[in-house]
Each structure stands twice: as C-alpha cells, then as structure tokens.
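Quick notes on the structure that follows.
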Amino acid sequence: MNITLLYGSQRRGSTWHIAQKFVSRLSCGGSVQEFYLPSALPELCTGCGLCFTQGARYCPHRQYVRPIARALDQADLVILVSATYVYHVTGAMKNLLDHLAYRWMVHRPSPTMFTKQALAITTAAGGGMKPALCDMTDSLSYWGVGRIWTYGKAVRALEWDGVSAGVKRSIDRDVARLSEKIGASGSAVVPSGDVQRRFLLLRMANKIHGLSPLDREYWGVRGWLGSERPWDLVDRTPEDAE
C-alpha cells in the first residue's frame, strides 16, 4: 500500500510514534512519502484567493503545495498526523488544510481522492481530541476521500518516554485492530454514501447556477455535470486538481 503522511509538527512525540506503528503494518513494501510541517510548507496561506479564481498553479506558495498535492494523489492511504493543541490541530496542519481548500468538493476535487482511504491520528495529554480529529476529517471528507478512519488517544504524558507501559500496550492493540480493518478494505474503495450524496448535491448546484466559472468548467470538462462520476474513472492524473 502506498502511503503519504503529513505531520502537523516536526516533533517526534507520541503522535509520530503511533503513526509509525501504522506505517509498519500497512506499507507492506509500498512507497511511503512523509512531509513534516512547517518545514515542508513554511509559508502561511494569505487568503489571496488565486487558487479559487485562477487555479492552483497561481498560488504564490506553489513550489511547496504542489509536491504535497501530487503525493496525496499518488497514495492509496493518506495519513494526517497532528497532536492536539488547545483542542485543535497544530497551526502548521491548519495552514496545510487552508492551502488545499481549492481541492474541496465544492470547488475542484481531485478525482484520485474518491477511491482512497485516509486516517487521521491525534493524541493529547488530556482532552480535545474530538475537535482536533474533526479539523482533519472535515477536509478529508470534502476532498472526497472514499473512506475515513480516525484514531485518537489520551496518552497522559507530554513525551513518548513518559507514556505508561499500559497505555503503550493499549495503543499496540488498537493499531493492530485498526490496521487490519484498513488493510482489509484494499487499495481502492467505493466512496461512502455521504461522499456520493455530497457530490451529487454539488453537481446539481453547478448545473443550476455554477459556483464559479473556473469550477464549473472543471466539472464540465470531466463530465461530472453529466453521467460521469469520479469514482468510476480509471485514468486519474496528479494534475487533475491543478
């Protein structure tokens, strides 16, 4: 299984260790691409809107965003990894999600995403994992990811070395069970009913009045305003969402 991981921090703490446990079980000889934020995307999204109105190639930070977007398209499994900071993801992870807003289904989703799986991972010394996971799964869902899994763990420690042996054993059991489920789903899935319904709703919105000229053209060229569906396409190139 080809895996792309996006880390919301350069710290190799509890969240990183858990992500590595999943990779060791799921990669099975496939490629693994890792991006550590903020070094992989050091520029903040300024909200200029060029990705919406002119296209992703006009983003002033394209040299950072494009390699990440291509890696997402090439993966069978996308893993978003972020510790919980004040009940949400890290600022670096939020910055990444902001940069990829043009890929939301309401705009120009990459057709590669609809038959992928994704996993969102977070840890916390205390609480706040649910909203942190929501930060990541909101984008995954609106990117059109076919099947989304989550894993959150209260590790009750600030460093991996401080996590108790009992909690680590629990993590190992959880990772084994969830990895089995992800692996059993294979490298291509049928998108969930929620994803398909959202796509059809936005298709109708585009047919009636259009969201923007660029978005409408994107949907029209791919036949999505007609009978074509992105999860039925065989040829999915990394440039589709550009």
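Report the antiparallel proportion of the DSSP beta bridges in segment 1-157 as a percent, rounded to a multiple of 5. Counting DSSP beta bridges with both partners in segment 1-157, the antiparallel share is about 5 percent. Listed by chain and number, the lysines whose C-alpha is less than 27 Å from the C-alpha of LYS153, apart from same-chain residues fewer than 8 away, are LYS21, LYS94, LYS116, LYS130, LYS168, LYS181. Across VAL221, VAL155, the residue with the most accessible area heads the list, and the full order at a 1.4 Å probe is VAL221, VAL155. Close amide H contacts of LYS153 (hydrogens built in the peptide plane, cut-off under 5 Å, sequence separation of 5 or more or a different chain): THR122, THR123, ALA124.
Against the criterion of solvent-accessible heavy-atom surface with a 1.4 angstrom probe, CYS51, CYS134, CYS28 sort, most first, into CYS28, CYS134, CYS51. Extending each Cα 7 Å along its Cβ direction at ALA165 and LYS207, get the distance between those two points in nm, one decimal. Here the modelled spin labels are 6.3 nm apart.
Counting only protein heavy atoms and using a 1.4 Å probe, the accessible area of ASP76 comes to about 40 Å².
Per the Debye formula on identical point scatterers at the alpha carbon atoms of segment 1-47, with no solvent, log10 I(q)/I(0) at q = 0.25, 0.31 Å⁻¹ is -0.92, -1.13. When MET136, MET1, MET204 are compared by accessible surface with a 1.4 Å probe, the order from highest to lowest is MET204, MET1, MET136. What the phi angles of segment 170-178 give under the Karplus curve with 6.51, -1.76 and 1.60, with θ = phi - 60°, is a coupling list of 4, 4, 4, 5, 4, 4, 4, 5, 5 Hz, glycine and proline written as x. Set the Cα radius of gyration of segment 57-141 against 2.2 N^0.38 Å, with N its number of residues, and you get 1.12. Pairwise alpha-carbon distances in segment 117-168 exceed 17 Å for 43% of all pairs.
Once the 1.4 Å probe is applied to the protein heavy atoms, segment 50-188 comes out at 40 Å² accessible per residue. Under 1.5 on a/c is rounded, so check that first for the chain, then, if it is not, pick prolate when a/b is larger than b/c and oblate when it is not; a ≥ b ≥ c are the square roots of the alpha carbon gyration tensor eigenvalues. Because a/c hits 1.5 or more and a/b exceeds b/c, the chain counts as prolate. Note on the chain: GNM, Cα springs under 10 Å; of LYS94, LYS181, LYS130, the largest mean-square fluctuation is that of LYS181. Note on SER227: accessible area is roughly 100 Å² with a 1.4 Å probe, heavy atoms of protein only. Kirkwood-type hydrodynamic radius, segment 42-97: 12.8 Å, calculated from all non-identical alpha-carbon pairs.
The values are calculated or read from the model by the stated rules, or taken from the named source; none is laboratory data. Note that the structure is a prediction, hence the values are computed from the model and not measured. Heads up, the Cβs are rebuilt from the backbone with ideal geometry, glycines too, and the neighbour counts pull from every protein chain shown. These area figures cover heavy atoms from the full protein model, side chains too; ligands, DNA and RNA do not enter into them. Shrake-Rupley method; radii C 1.70, N 1.55, O 1.52, S 1.80 Å.
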